[in-house]
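Since the structure comes first, as structure tokens, the remarks are kept for the end.
The values are calculated or read from the model by the stated rules, or taken from the named source; none is laboratory data. Being a predicted model, the structure only gives us computed values, none of them experimental. Positions of Cβ are generated from backbone atoms using ideal geometry, with glycine treated the same way; all protein chains shown enter the neighbour counts. Each accessible area value is taken on the protein alone, full model and side chains, heavy atoms only, with ligands, DNA and RNA left out. Shrake-Rupley method; radii C 1.70, N 1.55, O 1.52, S 1.80 Å.
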Amino acid sequence: MNIKMTKCTVEDSRKLQEIGYETFKETFEDQNSQENMKAYLEAAFNIKQVEKELSNPLSHFFFVSINDVVAGYLKVNSGDAQSEEMDDDSLEIERIYIINKFQKNGLGKYLFNMAMDVAMEQNKKKIWLGVWEKNENAISFYKKLGFVQTGAHSFYMGDEEQTDLIMVKKLQ
């Protein structure tokens, strides 16, 4: 199995849109209404939104591929690109998503390690993320990596308010 990580550019916007849409839908469609899922996907993964996020110098996207097939992606944010107001010593992991058929191959850990590399390169003191309170597999994964819950914030899936747990890992 040949695993490869590549940094995304604006030229990757269509592929990122496709993989983002697919992985989010696979992960959450069974727990949400079709209307709310459709509203979220159209807002978060329309091509203009994807291009805007890819163009932000404070956000970085990476594809992870197995045998030259994109299997998932990572999005990290610093500074004002973070989804919550945090200090300059923080890096946010906004998204780690793996296509279902590629899960259980260690790719989540691979993407997490890339996020850690970015945090170290930027001299960050902590890395944080928001994870849906009902996503028990992800919460367990992050706890194993040393994250602890420090709070919560609202996440909107269409018109439904949901709760994301804020989890933090100190780096230094």
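Compute, for the chain, the length of the dipole vector about the Cα centre, with Cβ point charges of +1 (Lys, Arg) and -1 (Asp, Glu) only. Units Debye, rounded to 20. Present the calculation step by step, with values, prior to reporting the outcome.
Values: 21 positive and 28 negative charges, 174 e Å.
Its charge dipole is roughly 840 debye.
Distance from the Cα centroid of the range 87-165 to that of the range 1-69 is 15 Å (rounded to whole angstrom).
With all pairs of separate Cα atoms included, the range 46-111 yields a Kirkwood hydrodynamic radius of 13.0 Å.
Exceedance of the 32 Å cut-off in Cα-Cα distance is limited, within the set LYS48/LYS144; LYS48/LYS143; LYS38/LYS124; LYS38/LYS125; LYS15/LYS126; LYS4/LYS126, to LYS48/LYS144; LYS48/LYS143; LYS38/LYS124; LYS38/LYS125. Relative protection proxy for 49-62, 106-119, from highest mean packing down: 106-119, 49-62 (other beta-carbon atoms within 10 angstrom). Is there a pair in LYS52/LYS109; LYS75/LYS109; LYS7/LYS52; LYS25/LYS104 whose C-alpha atoms are over 23 Å apart, and which pairs would that be? Over 23 Å Cα-Cα: LYS52/LYS109. Take every DSSP beta bridge whose two residues both sit in the range 90-172, then give the antiparallel share in percent to the nearest 5. Roughly 85 percent of the DSSP beta bridges within the range 90-172 come out antiparallel. Provide the net charge surrounding SER33, with neighbours chosen by a C-beta distance below 10 Å and charges set as Lys +1, Arg +1, Asp -1, Glu -1. Taking every other residue near SER33 into account, the sum is -3. The share of accessible area on the chain that comes from carbon and sulfur is 45 percent, using a 1.4 angstrom probe.
Sum -39500 (n - 2.57) across every DSSP H segment of at least 4 residues in the chain, then divide by the residue count to get the 222 nm mean residue ellipticity, nearest 500.
Rounded to the nearest 500, the figure is -11000 deg cm²/dmol.
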